[in-house]
1. Name the residues in the range 344-393 that are under 30 Å from Gly88 (Cα atoms) and surrounded by fewer than 16 Cβ atoms within 10 Å (Cβ to Cβ), would you?
2. Enumerate the pairs (first residue in the range 172-187 and within 20 Å of Asp272 (Cβ to Cβ); second residue anywhere and charged (D, E, K, R) and modelled with pLDDT of 95 or more) with beta-carbon separation below 7 Å, excluding pairs fewer than 6 apart on the same chain, so at least 6 apart or on different chains.
3. From the list Phe223, Phe241, exactly one residue is out of contact with any strand residue (DSSP E or B) (no Cβ under 9 Å at 6 or more places or on another chain), at pLDDT 95 or above, aromatic (Phe, Trp, Tyr) and crowded, with 19+ Cβ neighbours inside 10 Å. Which is it?
4. Can you confirm whether Glu79 is at pLDDT below 85, open to solvent by 30 Å² or more (accessible area, probe 1.4 Å), in a loop (DSSP other than H, G, I, E, B) and under 30 Å from Gly535 (Cβ atoms)?
5. Give me a count of the residues in the range 56-72 that are open to solvent by less than 80 Å² (accessible area, probe 1.4 Å), in contact (Cβ under 8 Å) with a residue 24 or more places away in the chain and part of a loop (DSSP other than H, G, I, E, B).
6. Give Gly167, Gly200, Gly195 a once-over and let me know the one that is open to solvent by 10 Å² or more (accessible area, probe 1.4 Å), of a type in the set (Gly, Ala, Ser) and over 31 Å from the mean Cα position of the chain (by Cα).
7. Considering only the range 364-396, how many residues are in contact with a strand residue (DSSP E or B) (Cβ under 8 Å, 6 or more places away or on another chain), β-branched (Val, Ile, Thr) and closer than 21 Å to Arg586 by Cβ?
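The values are calculated or read from the model by the stated rules, or taken from the named source; none is laboratory data. All values reported here derive from a predicted model rather than from experimental measurement. Because the Cβ atoms are built from the backbone with ideal geometry, glycine has one as well, and the counts that use them run over all protein chains shown. Please note that ligands, DNA and RNA were not included when accessible areas were found on the heavy atoms of the full protein model with its side chains. Shrake-Rupley method; radii C 1.70, N 1.55, O 1.52, S 1.80 Å.
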Amino acid sequence: MSMNRITLGLLAVTLAAVTMAQAAEPTISYAIKMEISYTGVLYQSTDGETWTKVEGATSPYYVPMDEAKKLFFCSKEEELPPEPPAPGKNITVSLSDMVDLDLNWIEPGTFTMGSSKDELGRDNDERWENEVQHQVTLTQGYWMGRYEVTQAQYESIMGENPSRFKGDDLPVENVSWFDARDFCAKLTEREHAEGRLPEGYEYVLPTEAQWEYACRAGTITAFNNGTNIPLAEQIEDEYCFNLNAIGWYKFNSYGTTHPAGEKQPNAWGLYDMHGNVAEWCSDWYKKDYPNPFAVDPVGPYTAIRRVVRGGSYDDGAGSCRSAFRLASLMTYSDSTVGFRVVLVPVSLNKTIPLSDEVGLEMIRIEPGTFTMGSPGSELSRLSDEVQHQVTLTQGYWLGKYEVTQAQYETLMGANPSKFKGGDLPVDSVSWNGAMTFCAKLTERERAAGRLPEGYEYTLPTEAQWEYACRAGTTTAFNNGTNLSTVEQEYKEPCPNLDPLAWYYYNSGEYDSDGNYSTEKAKTFPVGQKQPNAWGLYDMHGNVWEWCLDWYGAYPASFVTDPTGPDTGVRRVERGGSLFSYAGGCRSAMRISGSTSSSNYDTGFRVALTPVK
């Protein structure tokens with residue numbers, strides 16, 4: 001601890017005598033203190049070795065002499081936390097005097113993940129289902145390694161070089177998924193310790209979606225230079241001229257890796273995304289992508305193997321395409337596999353493990369203010385939707401999806417649903433049953449030590465539900481649209497709602513005569529419709545969702561953290577269901593039910609909130 005000069009002095013308190021009426025006896029009092037003048041931050045110690053910051057101290061600082069005789073004092077320059085990296089700018093991390101790690105900024109955005117049906121070399125795991133590509137939105141930007149991690153970079157952090165082909169500027173290879181993960185963890189730890197990386201950021205392996213988004217850099221073709229494989233023979237068996245300029249692969253590598261950055265970069269300045277070495281991603285591998293509209297996807301909760309992307313020096317052109325997916329055991333290591341790192345804000349979203357196969361994903365919802373209810377002009381508006389301003393002062397977590405049957409059965413040991421399917425929302429659950437699920441989840445997570453102090457799993461309040469559903473919108477639906485015509489309220493399909501919800505006009509079937517019927521209507525797997533801007537799915541339709549509140553009239557003025565009436569007869573339900581018309585699926589729509597009623601169009605989602 002570097003010491004600054006400290007000025008010490010005795011402060012004599014002014015002696016004062018007060019003449020009292022009635023010839024009272026004069027009195028006198030005094031105290032002798034040490035005055036400490038300093039710059040920086042003041043520390044004190046009882047032994048001269050262990051120092052403690054004197055919280056709230058300002059210069060000059062006064063200490064009674066009796067205490068001052070027992071203490072040592074020093075000061076040091078105030079240590080400010082490191083500035084977070086600036087979005088929009090590339091950064092360079094110094095690993096040693098001779099080795100740097102360059103990272104390029106990747107803007108958030110939306111892209112089409114996977115390959116088109118006519119792409120030569122396409123495998124059947126490069127689509128969502130029925131041969132369809134899927135849309136992915138990444139809501140946060142991140143920094144990605146400009147190059148694959150080199151041997152010099154790896155050795156500067158890990159102290160060893162496991163590679164088969166030796167060379168400081170060659171990509172490190174022969175590393176397992178665990179090795180790559182440990183590199184990221186050690187780099188994070190070191191940069192935090194050196195005061196260069198602020199809390200809330202970490203180096204990690206990219207998610208599969210982050211990898212493909214960055215690889216494509218806006219392209220939709222097989223390769224990120226805007227080209228495809230022209231002939232079937234070039235998929236695996238022949239030279240592919242279109243790949244030659246951007247990647248080292250089987251027909252130009254001569255059976256070895258090459259120095260990072262010798263081929264042309266993509267439009268975002270990233271090198272060797274095709275070939276040289278394949279790259280580990282953070283995700284578990286699942287053959288089918290999880291849903292057609294994904295927001296910040298991180299892959300399945302668990303599986304056997306991890307995703308590998310990009311192809312290697314030993315692969316044909318087909319295995320080096322932007323959409324190509326490979327998977328390996330986490331212990332696997334080979335000269336064809338390396339990795340690159342990303343720097344990301346630490347995610348506040350959570351996944352609660354219910355079993356080895358089943359997890360419960362929760363989205364962090366930050367506090368804020370919104371207008372609850374509907375305007376007088378909104379079609380299908382009901383009289384109990386009085387608009388009023390609501391402020392939620394505390395953040396919370398809300399289920400990314402409605403609670404599924406697999407999640408419910410894992411925790412409760414039973415499945416009351418009419419429409420059976422592990423990935424379908426649980427239905428036929430009463431308010432009491434939903435609260436029992438939440439109580440059991442709270443008890444289990446608290447016992448496992450995974451529950452934050454002062455929090456519990458419960459149903460969302462009605463205000464929390466609508467705030468999260470709207471995700472900043474003020475319209476009837478959370479994609480920023482409204483009912484377009486009066487007929488769409490009850491009598492006709494609503495094109496604006498179709499992308500968001502399973503409701504009356506898309507949950508049933510048309511008969512051979514073209515007549516629509518809901519006799520065979522059903523719920524659908526969670527997450528197949530478009531999410532809202534905060535990554536929450538099925539807030540409109542599929543099943544009604546229980547809320548915590550008793551049903552009652554809204555206040556007419558501004559409220560903070562409302563929880564509804566103190567007592568009541570029925571509890572609030574929100575969101576609409578497979579049997580609801582479009583008007584009944586609006587963000588502001590309210591219905592209610594008795595706490596013991598259970599209907600096969602009603603389920604719930606959980607919230608993780610501060611204990612009231």
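1. Of the residues in the range 344-393, the ones under 30 Å from Gly88 (Cα atoms) are 344-351, 361-370.
Result: Pro345, Val346, Ser347, Leu348, Asn349, Thr351, Arg364, Glu366, Pro367, Gly368, Thr369.
2. Glu173/Arg164; Asn174/Arg164; Asn174/Asp334; Trp177/Arg306
3. Criteria check complete, one pass: Phe223.
4. Numbers: at pLDDT below 85: yes; open to solvent by 30 Å² or more (accessible area, probe 1.4 Å): yes; in a loop (DSSP other than H, G, I, E, B): yes; under 30 Å from Gly535 (Cβ atoms): no.
For Glu79, the condition - at pLDDT below 85, open to solvent by 30 Å² or more (accessible area, probe 1.4 Å), in a loop (DSSP other than H, G, I, E, B) and under 30 Å from Gly535 (Cβ atoms) - is not met.
5. Residues that pass the stated criteria total 2.
6. Gly167
7. 4
Conditions tested, residue by residue: (1) in a loop (DSSP other than H, G, I, E, B); (2) among the small types (Gly, Ala, Ser); (3) out of contact with any Pro (no Cβ under 8 Å at 6 or more places or on another chain).
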| site | (1), (2), (3) |
| --- | --- |
| Ser156 | no, yes, yes |
| Arg164 | yes, no, yes |
| Asp169 | yes, no, no |
| Asp182 | no, no, yes |
